[in-house]
Structures are given as C-alpha cells and as structure tokens.
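Worksheet: one structure, shown below.
Coordinate-derived values only; no laboratory data. Quick caveat: nothing in here was measured; it's all calculated off a predicted structure. Positions of Cβ are backbone-derived with ideal geometry, glycine not excepted, and every protein chain shown enters the neighbour counts.
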Amino acid sequence: MQIGSKNSHEFDVSFGPSLRLGVLGGGQLGRMMIQSAVDFDVRVEVMDPSADAPCRHLTPRFIQGDLQNAADVVAFGSDLDAITIEIEHVSVTGLRQLESQGVRVIPKPDHLAIIQDKGKQKAFFAENDIPTSPFELIEGASDVQKMGLPIVQKMRKGGYDGKGVVVLKTESDLEKAFDVPSVLEHAVDIEKELSVIVARNGSGDIRCFPVVEAVFDPVANLVDYLIAPAVISPKQEKDAEALARRVAEAMNFEGLLAVELFLDRAGNLLVNELAPRTHNSGHHTIEANRTSQFEQHLRAVLDLPLGATDALFPASAMVNLVGSAQAHGIPAYAGLDAALDTPGVHPHLYGKSTVKPFRKMGHVTITGSNHEEVAKRVMHIREQLSVNGNA
Ligand code: ADP
C-alpha cells in the first residue's frame, strides 16, 4: 500500500479502512485524531495502559499495553502501515524495531529520543544556534549550585504539565531540588508564553499555525486560557514563526511539532521546549482554523499535502475544562446548557470515566470577532461551567 505522495500535491492516495494507523496513547489527543481520521477513512488502532482510556470505544482495535515496553509496542504495531504517538513517553527501542520492519513511524524515533530527554533537547538547541535560556546539565541535587539563582531545575526525563519542574529563587528553595539527572536553566523574566505549532511532511513542506499566547491567572499562576492570535507585534509574530520553522528544519523533523516559546521582557524569543505531537495550544484549531492540528498531524503522518492553517475568525480562545478542587468519582458537567447557548462556543468532552481535582476533562473553544469579545465570553463560560464528581 502506498502512503503519501512524495512528489505530488494531489490526493492520489488510495484511502480506505485498509490503511491501518496505530496511535500510542488513547487519551483526548488520540480521540480528537480519530475524529479527523474518520473523514479520511483511515482505520485508527490504539494502545494505552488504561482499560478505560478515552479512545477505548472509538477504535476497532484497542490494546491494553505498556507504552514504555518495547515488546508491547512491537506487538501492537507489527501489522500496521503507520504508527504515531499522542504522548512522548513511549519506547523508542520498540519504535525503531517497527521502523526496521517497514512500518512508517512518525515522529521519527531519533527525534523522539532527543525530545524525551530535556537535556538532549537543550543540547540540540545549543548545537543548532536555536535561542534558548542558558543551561547546565547536572547529575543530582548536589550540583544544583552550579548556576547562580534564580534558576529552574527540570528533570531530564518523565516530566509533564509542570511536574518535574521546580523554580529555585532563594537559598532556602534549594532543599526543594530534585536528586535526579536534570537541566538547570536561568530563570527567564517572562513577558509572554507563546506556542507555534508547525507541521513538516516528508517532502520538506512546512506550515505553521498562527502564534498562540497563554494567558496566565496572576493569582493562581496557572494557565487560564489560550488566545489566538497572540497579542504581539507583527515582527514578533514573524520571528516566532521563523524560529519554529528553523527548529523543524534543523531537526529534519517529520510530523507535527509544538514549539513552546518565551518572549522575555527584553523582547527576546527563546525556545522553551518541544512536543512532537498535537498539543493543548492547538485545540482551538478544530473550530478556528482552516485545517485543525489533528488533521494536519494525520496529513504529516501519512506524508500527504499539508492543509492551510489560516484562522477563520479574528480571534479565538481555548479554556481547559478541569475537575473542581474537590471533585471525585463519576463526572457531572454543570453549565453546559449555558455554554451551548452562547454564540461561538463549542465544548469538547473527553469521555473520561472519573474526575479528579484539576484533571483535564474537556475543553471549550470560543471564537469571536475580536480579542475583547472572546475574553468576555471566556469569563462568562468559566463562571457557568464546572466539572464536579458523583463520588
Ligand atoms: P513541562 O514540560 O512540564 O510543561 P516546562 O518546561 O514547559 O515543563 O515548564 C513549565 C513552566 O515552568 C513553563 O510553562 C514556565 O511557566 C515555567 N518555566 C519553565 N522554564 C522556565 C525558565 N527557564 N524560566 C522561567 N520560567 C520557566
């Protein structure tokens, strides 16, 4: 079976449910990828460690398995045409073996090996002159004074969503240091946190989605919502996109790559980190852009022509729907009626069987004719919507 059309921009691929794509990870990202795959009539098969993963009932073949176990990954993928990921903590050894058996693996195992390790990522930036905050690689807590405070310590492996990251500002913070191989970074004086999702296919074609900005809640210091396009100057927007392209090109990357950036208070753009997959900062693209990040990911994975990424609305936002502070048990969604009654609002529920405090249970996309209108709708939605639990 032929996947992709290396030299052509025509859809000359024979699609059909006979084309079998495997996804390592069966959470919300896999779920939204399946929605896009339906339109391409691609059969998506899923492996996840959890028996009740959000993708479980949306795939003709669900395998419960350990994503970090090479044998499980190989057993899952051997008969597939292509395999991709929705989480980066998977067995690179297993993926290398599948690639050697002729399965198309995107992202490439070599790229995954760099990105899984924050130390290797930083070294890659340094070797390729990609601007990033100054850093040192250390073995454990006893080396943490190698850099002057304030610093940020990040575990090289296994961290996600801020877990495995600690900010060390004062001498008394030093006792919070992790005693594992880590990256030490200068703490950046951050003006804005930005993200650019870039896709690159096997022919080297590249498309960027417009820059997204994370708006922080100044009290909780948590990402409150994401807004697109980011409120930055046209030059900063151009530079951010150029930087994301440079990263994808320097790596010879194939697939979808989320490039997380800091804009510091001196106006410098620095690459914080990469995610070689669909990303929270691209969820709004389902409603708000000509091609969604999930469809773009599929196109890149199958080496098809990439889709146009331009926005369909002057502004859009994405609010994560997380479990309330006390929520446990079967999820109960409050306020959905009000959300559905608000123009430009589109909820996505991830189908998780249980809710926990702050667990991501869904998201809401909000589109509008300008940033003020969208921000107002965000506030309204947040007042209305909550996820509680029937423990
Ligand atoms: P994760 O992979 O767990 O999301 P990140 O590297 O994105 O970890 O770090 C989480 C958050 O910590 C960032 O979104 C940012 O707010 C803060 N942070 C990370 N690195 C730095 C840094 N060098 N200087 C200041 N803040 C940082």
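Assorted remarks:
- Eigen-decomposition of the gyration tensor built on the alpha-carbon atoms of the stretch 29-135 gives equivalent ellipsoid semi-axes of 28, 16, 14 angstrom, largest listed first.
- Contact order normalised by residue count of the stretch 217-322, Cα under 8 Å, 6+ apart, percent: 28
- Shape descriptor for the stretch 67-115: Rg over Rh equals 0.90 (Cα atoms; Rh from the Kirkwood inverse mean 1/r).
- Across the cross-link table entries K118/K356; K238/K356; K235/K352; K120/K360; K118/K235; K157/K376, which are compared at the Cα atoms, the separations over 32 Å belong to K238/K356; K235/K352; K157/K376.
- Ellipsoid equivalent to the chain - semi-axes via the Cα gyration tensor, in Å: 30, 27, 23
- Across the chain, the longest piece that holds none of the chymotrypsin sites (Phe, Trp or Tyr not before Pro) lying in DSSP loops with up to 16 other C-beta atoms within 10 Å covers 16-357.
- Sequence-distant residues sharing a close amide H with L261 (under 5 Å, placed H): L194, S195, V196, N272
- Net charge of neighbours whose Cβ lies under 15 Å from the Cβ of G148, counting Lys and Arg as +1 and Asp and Glu as -1: -4
- The relative contact order of the stretch 166-233 comes to 20 percent, based on Cα pairs under 8 Å that sit 6 or more residues apart.
- Sum of side-chain charges, S195 neighbourhood, beta-carbon under 12 Å (Lys, Arg +1; Asp, Glu -1): -4
- Annotation note: GluC sites (Glu not before Pro) in the stretch 125-188 located in DSSP loop regions with a Cβ neighbour count of at most 15 within 10 Å are E139.
- Potential extension, I63-T170 segment - 0.36 nm per residue separation minus Cα distance: 33.8 nm
- Inter-label distance for S324 and A338, nm, one decimal - labels placed 7 Å from Cα along Cα-to-Cβ: 1.2
- Overall shape of the stretch 84-218 was characterised from the C-alpha gyration tensor. The equivalent ellipsoid obtained from it has semi-axes of 30, 20, 13 Å, in decreasing order.
- In the chain, helices alone account for a calculated mean residue ellipticity at 222 nm of -7000 deg cm²/dmol, with every DSSP H run of four or more residues adding -39,500 (n - 2.57).
- Here the dipole of the chain is about 380 debye; that uses its Cα centre as origin and unit charges on the Cβ of Lys and Arg (positive) and Asp and Glu (negative).
- The chain, relative contact order [Cα under 8 Å, separation at least 6], %: 14
- Neighbourhood charge, 14 Å Cβ-Cβ cut-off, centred on K352 and excluding it, Lys, Arg +1 and Asp, Glu -1: +3
- Each part gets one Cα centre, and for the stretch 15-60 versus the stretch 292-363 those centres are 17 Å apart.
- Backbone phi angles across the stretch 319-332, fed through the Karplus curve with coefficients 6.51, -1.76 and 1.60 (θ = phi - 60°), yield HN-Hα couplings of 10, 6, 9, 10, x, 5, 4, 9, 6, 9, x, 6, x, 10 Hz in residue order; Gly and Pro are listed as x.
- At 1.306 mPa s and 10 °C, Stokes D of the stretch 185-266 from Kirkwood alpha-carbon radius, µm² per second: 117
- Mean-position separation - Cα centroids, the stretch 209-266 and the stretch 376-391, in angstrom: 26
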